[in-house]
Amino acid sequence: MLSDAVPALRCPVCQGPLSLGGAPPFSLGCVAGHSFDAAKQGYFNLLTGKGTVFEADTAEMVAARNDFLGAGHYAPLAEAIAELAAPVLSAPGSLVLDSGTGTGHYLRTVLDRTPAAAIGIDISKFALRRAARLNPGAINLVWDIWRPLPIADRTVDAIMVVFAPRNPQEFARVVRPGGRVIVVTPRNGHLGEIAERTGMLGIEPGKDERLAESMQPFFTSADVVKLDVDLTLAARDLADVAFMGPAGHHLERSALLASTAGESSVHATAKFTLSVFTAPENGS
Ligand SMILES: C[S@@+](CC[C@H](N)C(=O)[O-])C[C@H]1O[C@@H](n2cnc3c(N)ncnc32)[C@H](O)[C@@H]1O
Ligand SMILES: [Zn+2]
C-alpha cells in the first residue's frame, strides 16, 4: 500500500516526518507546512529550487524502454534481482528503495515476489508517470539521487540500482544494519552483436572496479553474479533497445526504424553483472 513506505519519508526542506493527506491522488506534508501534491498519475515531485543540470530521458525514450521491457526480454534479470533482494525483504514491513526506478519494471517483479513496501526515485517525470501506474502501491518520487535522500536513517532493507546512478554515502545512511544494495551494470560485450548497427554507446572499461571502489568505504562486497541472457530480437525490438539507452538522446527513432525495417530477427546476448553489497550489522 502507498502508506506503507510513508513512515520512512522525510521532508526535503526541514527533514521532519512526512505524512499522507487529502484525497487521492493525495499529498505529502510535514508539520512545518511543507506540502507536495501528487501528480494525477500518482507520483510526488519533491524537488524544490534548482535541480541538477540533467538531460532527462525523453517521453519517446521512456516509451521504448517500456515496450522493450514489457515484452519480457530481460525477465531473467528481473527474477535474478528479486531473488537477491528477497532474503532481506521477507518480513512484512520491510522496505525496498529503487534508485533510478525508470518505468518501475524491475521493482514490479520484486514487489510481486516479496511483501515489501517500496520507494522509487527518478529524476524523470516521464519515467515516473509509468512507474506510478505500474507500481501504484509504491511511493514514486521525483528526486535527484545526488542530493541527500528524503528518507530517514536506517529504514531501508534493500536498495536496487539497475543501470542507474548511485549515491553510496546516502545509501549507507538510509540502509538498515545488515541491509543489501544490489547494483546491476552491463558487462563488456553486452549486446555486442548489435551494438554497432544500433549506434549504442560502448561500456567504459573498469566500470565494475569503480563500482566496488565507490561502495567499499561503506559496504562489504557479498556476491557478484554474472548473468547472460540470449535474446531473439525483431526489427522493432532492435529500435527499442537502441532508443531506450543513453544513445537515445542522439538517435532519430524514424531513421532507426527505417534502418531495421524488413529485417528478420537477430540474435544477441545481454550481459549483466549483479553486484551485492551488505551494510555492517552494527550499522556503524
Ligand atoms: C538507464 S535508466 C534505468 C531505469 C530502470 N532502472 C531500468 O533499468 O529500467 C536510468 C534512470 O536513471 C534516472 N536518473 C538519471 N540520473 C538521475 C539522478 N541524478 N537522480 C535520479 N534519477 C536519475 C533516469 O531518469 C533513468 O530513468
Ligand atoms: Zn518540512
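The values are calculated or read from the model by the stated rules, or taken from the named source; none is laboratory data. Since the structure is predicted, the reported quantities are computational estimates derived from the model, not experimental observations. When we count neighbours, we look across all protein chains shown, and the Cβ atoms used for this are built from the backbone with ideal geometry, even at glycine.
A quick yes/no check of all residues on (1) surrounded by 22 or more Cβ atoms within 10 Å (Cβ to Cβ); (2) modelled with pLDDT of 95 or more; (3) within 14 Å of the chain's Cα centre (by Cα):
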{"residue": "126", "(1), (2), (3)": "no, no, yes"}
{"residue": "134", "(1), (2), (3)": "no, yes, yes"}
{"residue": "138", "(1), (2), (3)": "yes, yes, yes"}
{"residue": "176", "(1), (2), (3)": "no, yes, no"}
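Which of the following residues is within 22 Å of the chain's Cα centre (by Cα), in a helix (DSSP H, G or I) and not polar (S, T, N, Q): 204, 213?
On the way: 204 fails: in a helix (DSSP H, G or I).
Selected residue: 213, the only one of 204, 213 that is within 22 Å of the chain's Cα centre (by Cα), in a helix (DSSP H, G or I) and not polar (S, T, N, Q).
Test of understanding: among 36, 26, which residue is among the aromatic types (Phe, Trp, Tyr) and surrounded by 20 or more Cβ atoms within 10 Å (Cβ to Cβ)? Working first, answer last.
Numbers: 26 fails: surrounded by 20 or more Cβ atoms within 10 Å (Cβ to Cβ).
None of the other options fit; the residue is 36.
Residues in region 117-131 that are hydrophobic (A, V, I, L, M, F, W, C), over 19 Å from residue 18 (Cα atoms) and either in contact with a Gly (Cβ under 7 Å, 6 or more places away or on another chain) or not in a helix (DSSP H, G or I) (or both): how many?
Filtering region 117-131 down to residues hydrophobic (A, V, I, L, M, F, W, C) leaves 117-119, 121, 123, 126-128, 131.
The next check asks that each one be over 19 Å from residue 18 (Cα atoms); those that pass are 123, 126-128, 131.
With the extra rule that they be either in contact with a Gly (Cβ under 7 Å, 6 or more places away or on another chain) or not in a helix (DSSP H, G or I) (or both), the set shrinks to 123, 127, 131.
Residues flagged as hydrophobic (A, V, I, L, M, F, W, C), over 19 Å from residue 18 (Cα atoms) and either in contact with a Gly (Cβ under 7 Å, 6 or more places away or on another chain) or not in a helix (DSSP H, G or I) (or both) within region 117-131 amount to 3.
Table: residues versus (1) out of contact with any Ser or Thr (no Cβ under 8 Å at 6 or more places or on another chain); (2) among the aliphatic types (A, V, I, L, M).
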| position | (1), (2) |
| --- | --- |
| 197 | no, no |
| 200 | yes, yes |
| 205 | yes, no |
| 215 | no, yes |
| 225 | no, yes |
| 239 | no, yes |
| 245 | yes, no |
| 256 | no, yes |
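Would you point out the residue of region 90-116, among those that are over 14 Å from the mean Cα position of the chain (by Cα) and buried (at least 24 other Cβ atoms within 10 Å of the Cβ), that is nearest to residue 48 (Cα to Cα)?
95
Looking only at region 42-86, count how many residues are assigned to a loop (DSSP other than H, G, I, E, B), modelled with pLDDT of 95 or more, away from ligand 1 (no atom under 13 Å from the Cβ) and under 22 Å from residue 145 (Cα atoms).
Looking only at that region, the number is 1.
Looking at region 234-275, which of the residues that are over 17 Å from residue 75 (Cβ atoms) and acidic (Asp, Glu) is surrounded by the fewest Cβ atoms within 10 Å (Cβ to Cβ)?
252
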